[in-house]
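Step one of this worksheet: look at the structure below.
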Amino acid sequence: MIDPAWILIVMSHVDSGSTTTFQEFENKRACDAGMNMVVAMATASGDKVRANCISKSGTSY
């Protein structure tokens, strides 16, 4: 099993408050694709999100 090397962090802002979610990916390309999909879906539904892919080293990021 390959350890995930990238983390997608998404902060969603809605009327009822905000949420933060994390998703692990094996490489930057997959993380970027996931980020683009989340942003496109949020934009289409009128939601506000902030998303970023960051590299992970061991248990730190």
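None of the figures in this text is laboratory data; all of them are computed from the coordinates on show. The model shown is predicted, which means the values in this text are computed figures rather than measured ones. Neighbour counts are summed over all protein chains in view; Cβ atoms, including those assigned to glycine, are modelled from backbone coordinates with ideal geometry.
Some observations on this one:
- Filtered by the rule that a residue be of a type in the set (A, V, I, L, M, F, W, C) and not in a strand (DSSP E or B), region 15-33 gives ALA30, CYS31, ALA33.
- Residues within region 1-40 that are in contact with an Asp or Glu (Cβ under 9 Å, 6 or more places away or on another chain) and of a type in the set (Gly, Ala, Ser), tallied: 2
- Residues in region 34-59 that are within 11 Å of TRP6 (Cβ to Cβ) and part of a helix (DSSP H, G or I): 2 in all.
- If the condition is being surrounded by 12 or more Cβ atoms within 10 Å (Cβ to Cβ) and among the hydroxyl-bearing types (Ser, Thr, Tyr), then region 2-28 contributes SER12, THR21.
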